[in-house]
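Trainee: Provided herewith is a single structure, encoded as structure tokens, for subsequent inquiry.
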Amino acid sequence: MTEKETVNILMVDDQPAKLLSYEVILGELGENLVKASSGKEALELLLKNDFAVVLMDVSMPEIDGFELADIIRQHPRFQKTAIIFISAVHLTDLDRLRGYQRGAVEYISVPVVPELLRAKVSVFAELHRKSYQLETLNHELRRLSASLIATQDKERRRIARELHDGLGQDLTVAKIMLQGIFRKEHPIESKEQVIADVIRLMDGALQQIRSVSYLLHPPLLEEIGLRSALGWYLDGLSKRGDIELTMEMQPQEFPRLAPELETAVFRIIQEALANVFRHSRASKAFVSLEKRETEIAVTVRDDGVGVPDEIAEFRPDSVGVGLGGMRQRIKELGGELILRNTHPGTIVEVVIPIPLHALGPSSTADDSSFAKAQNEGR
């Protein structure tokens, strides 16, 4: 249910003329109005549908309004359903008390003031809509939280495996080789070769550590900015994969932004490209980053197989933790994420507003300025 989707309103009265008048009064709300001419019919409708508001007459044959309210409140599904009583006969304070004791949110007397009835029903319909949206968001949050925990565990296992199988094995071999140097039977030439091999292994180990640490948090992002960090990241992806990557940034002298915004944009592009490599089966991908006057626009496009409609529409239980986390990150920044198929391929479009405090200290920081700062010993 989105903000524009209608909710169901059940109107219960044994007199068709009254049902028609309620329909006319509430028609302006644009909600889905459902009529029931008896308590029994109302119960049948309630069991089959979800209603935001039940508007009912107190005086009805067989099952009157009070009895119907008792039955409704006994069902767990209808504990929070708004019940509004309308009566032309039961108008004493005792009658009103009896109605409120049965869970009524309002007790309206006849003649009905159309504006008043419309306003009250509108309020409870909107409360129901917001409550449903909140429940949906909470469900999605719980699902993403569970997925995030599982993904973190999977990533920890992957890093541990890489460190054990790569770095761990290299260090073990280096240790064994160093121990062998001290054996007396080893000639000097052999020892020199062993030392050279150990140095080579240590260089490889250092490169592995550097690669893992850079992927977890690229130091270029803090030291120089998005242009260099993204250039380094895309260059690494191109070498490791079979996808041709190109990038365009506007303006060319891309300005520095606040660290939290630069990190967010980097992670968004990182996640989008990771999805391209994992799922798209694309041969080419294109990244565009543009700083406009008040916003940052990011586009990631590929020529792959596209994504299922349920993912493109962000339907609950269809979005993975990566895409869900990226969407949540963009929402927290006040931005918007659009995902659509282009046949072939997929386009990820992101627009994030730039807060006034998010502009970095320098608008022209680049590789040359960083190199100059290094040379000056800063």
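Read-outs throughout are calculated quantities, based only on the coordinates presented, and are distinct from any laboratory measurement. On a predicted model such as this, the values are computed, not experimentally measured, just so you know. Every residue, glycine as well, gets a Cβ built from its backbone with ideal geometry; the counts of neighbours run over all protein chains shown.
Trainee: Sorted by mean Cβ packing within 10 Å, highest first, what order do the peptides 308-315, 327-334 take?
Mentor: My ranking of the peptides, most packed first, is 327-334, 308-315.
Trainee: Let me ask you something else. So how far, in whole Å, is the C-alpha centre of the range 252-296 from the one of the range 38-59?
Mentor: 52 Å
Trainee: If the reach is capped at under 18 angstrom between alpha carbons, list the aspartates and glutamates near K291, excluding any in the same chain fewer than eight residues apart.
Mentor: Candidates past the 8-residue exclusion: E248, E253, E260, E262, E336, E349, D366.
Trainee: Hey, rough spin-label estimate for Q252 and V123, points 7 angstrom out along Cα→Cβ, what's it come to in nanometres?
Mentor: 6.2 nm
Trainee: Another question, if that's okay. How much length is gained if the chain between I209 and A274 is pulled fully straight, taking 0.36 nm per residue apart and subtracting their Cα-Cα distance, in nm to one decimal?
Mentor: Between I209 and A274, full extension yields an extra 21.3 nm.
Trainee: Going down the table (K154/K175; K40/K80; K175/K239), which pairs top 28 Å between alpha carbons?
Mentor: In this structure, K154/K175; K175/K239 lie more than 28 Å apart at Cα.
Trainee: Which of the three applies to the range 221-342, rounded, prolate or oblate, going by the alpha-carbon gyration tensor with a ≥ b ≥ c and a/c under 1.5 meaning rounded?
Mentor: Oblate is the answer for the range 221-342, as a/c is 1.5 or above yet b/c matches or exceeds a/b.
Trainee: Moving on. Using packing as a proxy for protection, rank 301-307, 113-119 so that the peptide with the highest average count of other Cβ atoms within 10 Å comes first.
Mentor: The packing order, highest mean first, is 301-307, 113-119.
Trainee: Quick one: compute the contact order of the range 1-150, relative version, from alpha carbon pairs under 8 angstrom and 6+ residues apart, as a percent.
Mentor: Value for the range 1-150: 24 percent.
Trainee: Which shape class applies to the range 1-122: rounded if a/c is under 1.5, otherwise prolate when a/b exceeds b/c and oblate if not, where a ≥ b ≥ c are the square roots of the Cα gyration tensor eigenvalues?
Mentor: Working: a/c = 1.43, a/b = 1.15, b/c = 1.24.
Cα axes put the range 1-122 in the rounded bin.
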